[in-house]
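What follows is a single structure, written as structure tokens, with notes after it.
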Amino acid sequence: MKERITVDSIEQIKERIYNLVLDSQRGLRNCHHIDIRIEASESKFAMAQKGAPKESGEESRMSLGVRVIAGDVFRATGYFGSHLGLPDLRNIEKIIQKGIEHAWRRALANASWKAEMKRVLDSIGESIQSTSLEVIEIHKDIVALDFKEDPRAIPLQTIIKEAVGVSESVEKLYESLGYNMIYLYTTFVRELFVSSEGVLIDQTYPLTEGFAHIVLGDESHYDHLGAKCGWEAIYGENPFNRNFRDFAIGLAKETIELSKAEVLPSTSKEVVVVTDPHFNALLAHEIIGHPVEADRALKMETAYAGRSWLFRGFIENQIGKRVASDLVTAYSDASLTGYGQYKYDSEGVRAKKVVHIDRGIFRGFLNSRETAAILGEEPNGAMRATDAYLIPLIRMTNTVIAPGNRNPEDIIKEIDDGYYLVSHRTPSIGESRENFSISARRVYKIKNGELVKLYRSGGITSDSRDYLMKVDAVGNDFLIIPMPNCGKGSPMQALRVGNGGPTMRSRARLT
């Protein structure tokens, strides 16, 4: 069998890397911190279209990321990132040493530039500060998520057969008049983090995902099913508790039904709206999850991702203020089962549950060690990268709206005139996430507590704070939805996160 990179390749090198990092700092002038991230993965995928195989493959990858903080009067960060091949493993110490030296030179150059900009910009330059990291607890740990069916042991032909079979089943529903694309993906990932502070974290996890895209006429719908587990996710062990075939068939039947429905009329005034957990996953993602990322709040992301409606500045912000009704609590928790599940982030920080909104009062942000130092907070482990060669960013984890105690059916029955929105589609969000427009896959007219008519191609729009303030009922049907393509950064990093919540009732305009 041909030799290749596997997740076990990390086992061969991790102690050598640990010792190398501890030794390297002593030999570099004004070097204050070094950390190394190495990631290896083994993946397989298959795609089918209209009942026929389209594409499939398997690959193994490894990448390296280096961060160095260096400088004299001013300190700054320098990065180095690279993909690694099998020959690189034989010279891994030399490659990492070169990466450290490259990042160190960048850090010194950045520190010099910061000092010069602070000098020439006068009062404006007061915002330029030396980079520092908040102190953390030093961990040495090995972490492995449980699974039943190892992705590495699933034959590629099994994945192809499943994708083609699901696509064939969907194709039969609309007698070849539509289009479907089915994609299955499974991977096993190992992440190593080492720092000059003595941190050594070795984490492994599986991930399995199914994607279905259905088109019929001018109706086009797609959805994802998946979990951080093995191949068992395809057979029902996932947040939806459905096997992927039934999931895809259900989406196709919805698309057929919606192709016959009327378009939702818009309204100039607010109406009563009830939103289901699937819709609220995207709502939580857009108006809570991204705004609570501290790099956005501190304007580090402004140029390519926007700011936060929760933090205009150190004097004018929403910390300790009411931003929602007392029925609304929202938090991030990386210990929950979902795509945002992990134990340590890309800085070796142990992830913590972070309450953002406590019964309507805004409490705080997801942070990095650097932003924690700026804000005077404890690091909470939210710094992550899509791959080791990319720069880590502050990312939401499993960021959700907490459940209430109401029966969802009763929430609807109390409404004389309103609308029920089921499953999310597309968001359109204000620059600071201060307002939103989110479309739903299905919208039902509610009359006298009953669902009386189905609409398509509609959604709601509102000011974020106003919408949360008007929530007057929260259900007990909490659900975390897999969100596979959260985008952030430049270059763009698409990361899998978890979002969710229960059924909620508020007021908004129809769009």
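The values are calculated or read from the model by the stated rules, or taken from the named source; none is laboratory data. Because the structure is a prediction, the values reported are computed rather than measured. Heads up, the Cβs are rebuilt from the backbone with ideal geometry, glycines too, and the neighbour counts pull from every protein chain shown.
Summary of computed values
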{"read-out": "Of all residues in segment 421-456 being over 20 Å from the mean Cα position of the chain (by Cα) and either at pLDDT below 95 or of a type in the set (Val, Ile, Thr) (or both), the one that is nearest to residue 259 (Cα to Cα)", "value": "443"}
{"read-out": "Residue match in segment 418-434 (condition: among the aromatic types (Phe, Trp, Tyr), out of contact with any Gly (no Cβ under 9 Å at 6 or more places or on another chain) and closer than 22 Å to residue 269 by Cβ)", "value": "yes"}
{"read-out": "Count - residues of segment 155-191 that are under 17 Å from residue 229 (Cα atoms), aliphatic (A, V, I, L, M) and touching a Lys or Arg at 6+ places or on another chain (Cβ under 7 Å)", "value": "1"}
{"read-out": "Flag if residue 381 is without any contact (Cβ under 8 Å) to a residue 60 or more places away in the chain, small (Gly, Ala, Ser) and under 17 Å from residue 497 (Cα atoms)", "value": "yes"}
{"read-out": "Within segment 203-224, considering residues that are crowded, with 19+ Cβ neighbours inside 10 Å and of a type in the set (Asp, Glu), the one nearest to residue 334 (Cα to Cα)", "value": "209"}
{"read-out": "Candidates 130, 82, filtered to the one that is farther than 17 Å from residue 196 by Cα, part of a strand (DSSP E or B) and assigned by TED's automatic domain parsing to the domain that holds residue 193", "value": "82"}
{"read-out": "Residue within segment 396-405 that is assigned to a loop (DSSP other than H, G, I, E, B), of a type in the set (A, V, I, L, M, F, W, C) and either outside the structural domain of residue 251 (by TED's automatic domain parsing) or in contact (Cβ under 8 Å) with a residue 12 or more places away in the chain (or both) present", "value": "yes"}
{"read-out": "Residue 120 being in the same structural domain as residue 242 (by TED's automatic domain parsing), among the β-branched types (Val, Ile, Thr) and at pLDDT 95 or above", "value": "no"}
{"read-out": "Members of segment 475-492 found to be among the polar types (S, T, N, Q) and either modelled with pLDDT of 95 or more or surrounded by 20 or more Cβ atoms within 10 Å (Cβ to Cβ) (or both), listed by number", "value": "476"}
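A quick yes/no check of all residues on (1) outside any helix (DSSP H, G or I); (2) surrounded by fewer than 20 Cβ atoms within 10 Å (Cβ to Cβ); (3) of a type in the set (S, T, N, Q):
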site	(1), (2), (3)
189	yes, no, no
193	yes, no, no
233	no, no, no
256	no, yes, no
